[in-house]
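Let me begin by presenting the structure, written as structure tokens, before commenting on it.
The values are calculated or read from the model by the stated rules, or taken from the named source; none is laboratory data. Computed from a predicted model, the values in this text were never measured in an experiment. We place every Cβ from the backbone using ideal geometry, glycine too, and count neighbours over all the protein chains shown. What goes into the accessible areas is simple: the full protein's heavy atoms, side chains included, and nothing from ligands, DNA or RNA. Shrake-Rupley method; radii C 1.70, N 1.55, O 1.52, S 1.80 Å.
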Amino acid sequence: MTTVTTPANLQTTGSSNDSPANIRAIEATGIEKSFGNVAVLRGLDMTVRDGEAVAIFGANGAGKSTLLRLLSTLARPDHGSISIYGRDMAQGSETARLSLGAVLHSPMLYGDMTIQENLTFFGRMFRIPELDARVHEVAGRMGLTRRLEQRVRELSHGYQKRAALARALLHRPRILLLDEAETGLDEPARRVLDGVVAEHRGAGHAVVMTTHSVERGIAESDRVLVLAGGRFALDEPSSGVTPADVTGLYADPGDA
Amino acid sequence: MAPALATIWTLARKDLLLELRSRDIVLAVVVFALLVIAIFTFAIELTPSRSRDVGPGVLWAAIAFAGVLGINRSFAIEAERDTLDGLMLTPVSRELIFFGKVLGNFIFITVAEVVIFPVFEALFNINVLQVETIAIALLASVGFSAVGTVFAAMSVRVRSREIMLPLLFLPTSVPLIMAAVESTSEVVNGGSWSDFSEWLQLAIAFDVIFVIASAVLFQFVLEE
């Protein structure tokens with residue numbers, strides 16, 4: 001049985017080369033997911049390595065959010081397997097969640113609690129040591145220090161997104177999952193988000209993002225994936241991809 | 001405190017904090033239960049013997065129906081802002097999330113009972129504030145919380161959750177409601193522990209079975 005939980009014994013693609021670029025952060029094989037009679041994902045294979053930023057594009061309903069919910073352990077695939085640092089999530093996803101930080105469509109924060117209360121609560125769930133200092137550190141990074149005592153319900157959409165990003169980064173995850181995280185953000189907030197993505201890549205960690213901003217996604221990623229018809233229609237290094245290559249592959253999922 | 005207990009308490013304390021801010025749950029439970037009890041006091045000509053006959057049934061029907069409202073609300077709060085997903089993204093086992101929610105719901109129902117019992121006693125003029133009835137109330141609250149929590153989790157993503165939860169919760173809770181009604185009836189009619197020990201045993205068995213079964217079921221209920 002695989003019990004891979006620490007960087008020291010992470011599963012790698014090669015037996016002798018343990019550089020971050022070869023460590024498989026996420027490995028998904030034959031992923032299928034349907035909702036009722038609608039097949040959303042049809043046998044996806046996907047590998048994301050440490051230090052790699054992957055941008056996933058696709059039309060509305062192509063399955064981007066479904067894929068991120070699967071990767072974040074919020075949903076189970078009907079078929080196929082997902083491993084996080086070599087640990088098969090079907091064998092138990094609690095340890096894998098220590099490595100995952102996710103910003104999905106909703107901020108996933110309690111509206112009647114302040115940002116500080118929210119971050120402290122989620123920090124306790126992750127059993128983060130020296131939590132108070134960490135909360136202030138992450139809040140400072142997100143430009144939230146002056147708003148820590150404000151209830152989430154009273155914040156603008158942009159600040160709620162920043163708070164969601166702070167929640168996702170609190171436990172220092174090695175994999176960052178961002179589902180259209182830039183939506184609704186003003187330019188300063190987008191710069192904060194860009195900085196977080198760049199820092200995460202720079203630290204040798206993995207980023208998986210979905211976005212409708214094609215130029216931005218290509219610029220910020222190492223690899224581009226396009227979901228169409230429940231499969232990846234494109235999987236190429238970002239350096240060789242143009243926005244037209246991406247949008248040309250968008251397909252109406254109803255036609256798939 | 002053991003890490004698991006600390007996590008359960010962290011979850012329950014979060015629910016208590018949210019309730020202190022919104023006062024949605026306890027207020028809804030208390031107001032609904034008191035309305036039911038008040039309506040019965042007008043509908044029935046209450047003589048001392050009739051109060052003792054129908055009172056326990058009215059009391060526990062009111063608490064059971066009101067409890068559904070409260071438990072439904074405690075999960076609706078998690079659904080409104082997808083915070084249930086936020087909880088599921090943490091490395092905490094689903095069982096601990098279940099026990100945290102059960103503890104929160106148990107406290108809400110118990111606090112509501114602290115208000116409901118004296119008002120019921122005053123309106124029906126029967127003495128329910130006794131050690132025996134308090135023990136029955138605690139046992140009933142445990143069972144209601146466990147069953148309610150798992151069914152609320154099951155209903156939370158359903159469009160008609162307000163209908164779904166009572167349809168699942170009330171039939172399942174019938175043995176517990178019967179045990180509570182019969183035990184309370186014995187107490188208000190001057191019975192001793194031994195007179196309703198079988199009903200107490202039923203309530204204890206219900207709690208043990210449904211707490212364990214609900215904890216196991218909870219993790220599957222949350223899976224997409």
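Numbers at a glance
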| quantity | calculated |
| --- | --- |
| Matching entry among A:V197, A:V207 (being touching a helix residue (DSSP H, G or I) at 6+ places or on another chain (Cβ under 8 Å), assigned to a helix (DSSP H, G or I), open to solvent by less than 20 Å² (accessible area, probe 1.4 Å) and closer than 21 Å to A:I84 by Cα) | A:V197 |
| Selection status of B:L84, under 23 Å from the mean Cα position of the chain (by Cα) and within 9 Å of another protein chain (Cβ to nearest Cβ) | yes |
| Considering residues of segment B:134-181 that are of a type outside the set (A, V, I, L, M, F, W, C) and touching a Leu at 6+ places or on another chain (Cβ under 7 Å) only, the residue most open to solvent (accessible area, probe 1.4 Å) | B:P175 |
| Tally of residues being outside any helix (DSSP H, G or I) and in contact with a strand residue (DSSP E or B) (Cβ under 7 Å, 6 or more places away or on another chain) across segment A:146-170 | 4 |
| Single residue of B:F124, B:F120, B:F206, B:F210 found to be open to solvent by less than 40 Å² (accessible area, probe 1.4 Å) and closer than 30 Å to B:E78 by Cα | B:F206 |
| Some residue of segment B:94-106 being open to solvent by 10 Å² or more (accessible area, probe 1.4 Å), among the charged types (D, E, K, R) and within 14 Å of chain A (Cβ to nearest Cβ) | yes |
| Residue count, segment B:73-93 (criterion: in a helix (DSSP H, G or I) and either open to solvent by 20 Å² or more (accessible area, probe 1.4 Å) or touching a His at 6+ places or on another chain (Cβ under 9 Å) (or both)) | 4 |
| Elements of type helices (runs of 4 or more DSSP H) in segment A:34-145, at least 2 residues being touching a residue at least 12 places away in the same chain (Cβ under 8 Å), buried (at least 21 other Cβ atoms within 10 Å of the Cβ) and within 14 Å of chain B (Cβ to nearest Cβ) | A:64-71, A:115-125 |
| Meets criteria (touching a Ser or Thr at 6+ places or on another chain (Cβ under 7 Å) and under 17 Å from B:T10 (Cα atoms)) for A:M113 | no |
| Restricting segment B:145-167 to residues that are more than 14 Å from the chain's Cα centre (by Cα) and among the hydrophobic types (A, V, I, L, M, F, W, C), the residue that is farthest from B:D207 (Cα to Cα) | B:V158 |
| Whichever residue in segment B:48-72 is among the small types (G, A, S) and either closer than 25 Å to B:V150 by Cβ or without any contact (Cβ under 8 Å) to a residue 24 or more places away in the chain (or both) and, among such residues, is surrounded by the fewest Cβ atoms within 10 Å (Cβ to Cβ) | B:S49 |
| Segment B:35-47: number of residues that are open to solvent by less than 90 Å² (accessible area, probe 1.4 Å) and assigned to a helix (DSSP H, G or I) | 6 |
| Residue check for A:D255: acidic (D, E), closer than 21 Å to A:T66 by Cα, at pLDDT 90 or above and open to solvent by 60 Å² or more (accessible area, probe 1.4 Å) | no |
| Any hit, segment B:20-36, residues being of a type outside the set (A, V, I, L, M, F, W, C), touching a helix residue (DSSP H, G or I) at 6+ places or on another chain (Cβ under 6 Å) and within 14 Å of chain A (Cβ to nearest Cβ) | yes |
| Of residues in segment A:156-194 being of a type in the set (G, A, S) and open to solvent by 30 Å² or more (accessible area, probe 1.4 Å), the one farthest from the chain's Cα centre (by Cα) | A:S156 |
